[in-house]
Structure formats: structure tokens, C-alpha cells
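Quick notes on the structure that follows.
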Amino acid sequence: MSALEAESVDRGAWPYRMKDLSDLTGMPRQAIHFYIQQGLVPEGHKTGRNMAYYGEAHVERIRLIKELQHDRFLPLKAIRAMLDERDDAFSAPQKRLLLDVKQRLGARVAGERGAIDAKELLARIGLTKKDLDELAEIGLLAVTRGPRGKLQVAKEDVWMLELMAEVRAAGFTTELGFPASVMSIYEEAMDALVERETQLLASRLSHLPPDRVAAMIEKILPLVGTFLARYHDTKVRHFFASM
């Protein structure tokens, strides 16, 4: 590409260079290049062998990945799956609605920030490092390295590990054929459920103001939680009643 062609790039649509992306997102260039190589962030508008320009969508995507990986402790494998599903599932207006609703829900969908020492937590509740690794492997939670290389888990995931410890205490041990990875049946079911829920909401409510949609979601979330718990009990009772 000639120098003249390189200068003809629409700087309104592609205003940023790699340095700008790094400054705006707080992520080092190496990390951004890695995201692009892994397909997590789309390539920029190339104007030369070592020069490219980027748009607002790149900034938003990098900030989202940073939040999911560093603040929410999601592994890149899970982030890639989430981003791929979202890109394929929603139209541009539906994405805008979901982003507007996210802003209005605020802390309701933000989760608890921060991390705690994984080794200390496991010792306190009686789980093993293998349990932790298996739960991370199936995508239920993420494990990261903190200061001095210590393993950490997100504070918002502590309840899950504590609950897993209660499952063990109830007698569902690895020796009886119940490794922590057996929880994948719930992870897969919940993934499918949330995907269908968000598609339904985006397709049916995209004509409504974001404030109204956010208020509706605030009200429906605890109701759905109650329904899932009670209906699961109902299905188990029906199963045994039919024996």
C-alpha cells in the first residue's frame, strides 16, 4: 500500500493507533496483540505492514475482555465462547439495548469485586486443589495468580466453593464417582438457559426504553431463581413418583 493510500484512511471511523488503544484501555500492547491473534478482538484497518488504525468498537471490546478476565476472573476460553455467541446472536440494535440495560442495572449485574487467597479458602472449607482445578476447567469459576504468584479466586465465586464443600459433606465424594467436574451438567444447562433468555429478551423487548427493560429484569430475576429451585424439586418428585 502506498503512502498516499495510507493517509486516505477515514480517521473519523478509525481514529486510534495501537498506542491509543493501550492508553484508553490500560492494557499493554502485547496483551492487545495477543487478543487480536486469538480472535478475541477484530483486526484493525491496516494501512501498512506494521501500521493499523482502530475504532471505538475495538476500545469497547478490549475494555470488556479486561473486565471479564481481570475483574470477573473469567478464563479466556470462556470469554471467547461468550463473545462468539453474543456476536452471532444479536443484531446491532439488540446489542445497544443490552449495553444500555447493563448500565442501568449497575451493581445488580456487576458482582462483588476483589479476590481472596485460594489456598486459604480451600483449607478452611475442606476442598482440594483438584476440586478447584476441575471447577475452573469446566468454566464455573476462574483461578488467577495474584501477588507473589499466589492462586486467587474471585470473591463472588466463594459461595460456589462453599456449596461444593457442602456437597462433599452430604456424601457425594470423588471416591463414589462424583468429582467436582460432575458440576458441568449444571454449567452447560445454565449456559443454554441464559443464552435463550437473553435472545428472548432482546428480540421481544428491543422496542422498549432501556429504563423499562432494566426495571423488568430487576423484578424477574428473583422470580426466575425461585422458579428454578422449586421446579427442580418438582421434577425430582415427579421422577420418583413415576417409579
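The values are calculated or read from the model by the stated rules, or taken from the named source; none is laboratory data. What you see is a predicted model; the values in this text were computed from it and never measured. Here the Cβ is made from the backbone with ideal geometry for all residues, glycine too, and neighbour counts use every protein chain on show.
So here's what we get for this one:
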item: Long-range neighbours under 6 Å by Cβ, at least six apart or interchain, first residue in the same structural domain as Glu175 (by TED's automatic domain parsing) and farther than 17 Å from Phe178 by Cβ within the range 116-129, second surrounded by 13 or more Cβ atoms within 10 Å (Cβ to Cβ) and of a type in the set (Val, Ile, Thr); result: Ala118/Val153
item: Residue check for Ala136: in a helix (DSSP H, G or I), within 25 Å of Ile116 (Cβ to Cβ) and touching a strand residue (DSSP E or B) at 6+ places or on another chain (Cβ under 9 Å); result: yes
item: Condition met for Glu137 (more than 22 Å from Pro75 (Cβ to Cβ) and either surrounded by 12 or more Cβ atoms within 10 Å (Cβ to Cβ) or not assigned by TED's automatic domain parsing to the domain that holds Ala229 (or both)); result: no
item: Any hit, the range 178-201, residues being assigned by TED's automatic domain parsing to the domain that holds Gln94, aromatic (Phe, Trp, Tyr), surrounded by 11 or more Cβ atoms within 10 Å (Cβ to Cβ) and modelled with pLDDT under 95; result: yes
item: Any chance Val213 is in contact with a helix residue (DSSP H, G or I) (Cβ under 6 Å, 6 or more places away or on another chain), in the same structural domain as Lys102 (by TED's automatic domain parsing) and either surrounded by 12 or more Cβ atoms within 10 Å (Cβ to Cβ) or outside any helix (DSSP H, G or I) (or both); result: yes
